[in-house]
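Take a look at the structure below.
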C-alpha cells in the first residue's frame, strides 16, 4: 500500500445473531493478509476487531464496525445502538461481564472483550451514554 491510499471496510452487526459472529473480523484479517501487513500486526487487529464484533452482537441492539486501513496504521471503530455502559471503569476490568447466562453457555461473555481490545491496540477510546449506545475507536500502528 502506498501513501495516500486507504481501504475502508464496513460491516453491519445485528444484535444476537451469533451464527455470523466473527465474519467481519475474519474478512478484515483476509484483507490485511492480502495487502501484506505483518502477521503480528494482523493478530492484534484481528483480536481487537473480533472482541468488538462479539461485544456489539451480545450487548447492543445492533451497530456498525468500520475498519480503515492506511499505509502506517489501521483504525477500527464500533458504533452501536443500545443500552450503553453504566460504568466504563468496571467494564474494563478483566472478568467483569453483564452477559446473560444463555450467552455464557454459548462460550461468550467471559468479560475479556474490552480489556483485550485495549491491550491489543496502540490507541483505545470508548465513549458510552446509557440508553443511547457506545462508540469505540482503536488504532493499531503497522
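The values are calculated or read from the model by the stated rules, or taken from the named source; none is laboratory data. Since we're looking at a predicted model, the values are computed, not measured. For neighbour counting, all protein chains shown are included, and Cβ atoms are generated from backbone atoms with ideal geometry for every residue, glycine included.
Scanning the stretch 12-37 for residues that are part of a helix (DSSP H, G or I) and at pLDDT 95 or above gives 23, 24, 25, 26, 27, 28, 29, 30, 31, 32, 33, 34.
Under the condition of being in contact (Cβ under 8 Å) with a residue 40 or more places away in the chain and surrounded by fewer than 23 Cβ atoms within 10 Å (Cβ to Cβ), which residue from the stretch 45-58 is nearest to residue 132 (Cα to Cα)? If we take residues in the stretch 45-58 being in contact (Cβ under 8 Å) with a residue 40 or more places away in the chain and surrounded by fewer than 23 Cβ atoms within 10 Å (Cβ to Cβ), then 58 is nearest to residue 132 (Cα to Cα). Before we move on, is residue 40 modelled with pLDDT under 95, surrounded by fewer than 18 Cβ atoms within 10 Å (Cβ to Cβ) and assigned to a helix (DSSP H, G or I)? So residue 40 fails the test.
Being surrounded by fewer than 21 Cβ atoms within 10 Å (Cβ to Cβ), in contact (Cβ under 8 Å) with a residue 12 or more places away in the chain and either touching a helix residue (DSSP H, G or I) at 6+ places or on another chain (Cβ under 7 Å) or in a helix (DSSP H, G or I) (or both) is a property that residue 9 has.
Quick grid of which residues meet (1) touching a helix residue (DSSP H, G or I) at 6+ places or on another chain (Cβ under 7 Å); (2) free of Cβ contacts under 8 Å to residues at least 24 places away in the same chain; (3) in a loop (DSSP other than H, G, I, E, B); (4) surrounded by 15 or more Cβ atoms within 10 Å (Cβ to Cβ):
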{"site": "93", "(1), (2), (3), (4)": "no, yes, yes, no"}
{"site": "102", "(1), (2), (3), (4)": "no, yes, no, no"}
{"site": "119", "(1), (2), (3), (4)": "no, yes, no, no"}
{"site": "124", "(1), (2), (3), (4)": "yes, yes, no, yes"}
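Of all residues in the stretch 126-142, exactly one satisfies the criterion of being more than 14 Å from the chain's Cα centre (by Cα), closer than 27 Å to residue 72 by Cβ and surrounded by 15 or more Cβ atoms within 10 Å (Cβ to Cβ), namely 142. Is it the case, given these coordinates, that residue 84 is part of a loop (DSSP other than H, G, I, E, B), buried (at least 17 other Cβ atoms within 10 Å of the Cβ) and at pLDDT 95 or above? The answer is yes for residue 84. Residues of the stretch 62-77 that are in contact (Cβ under 8 Å) with a residue 60 or more places away in the chain and either in a helix (DSSP H, G or I) or under 24 Å from residue 98 (Cβ atoms) (or both): 63, 76, 77.
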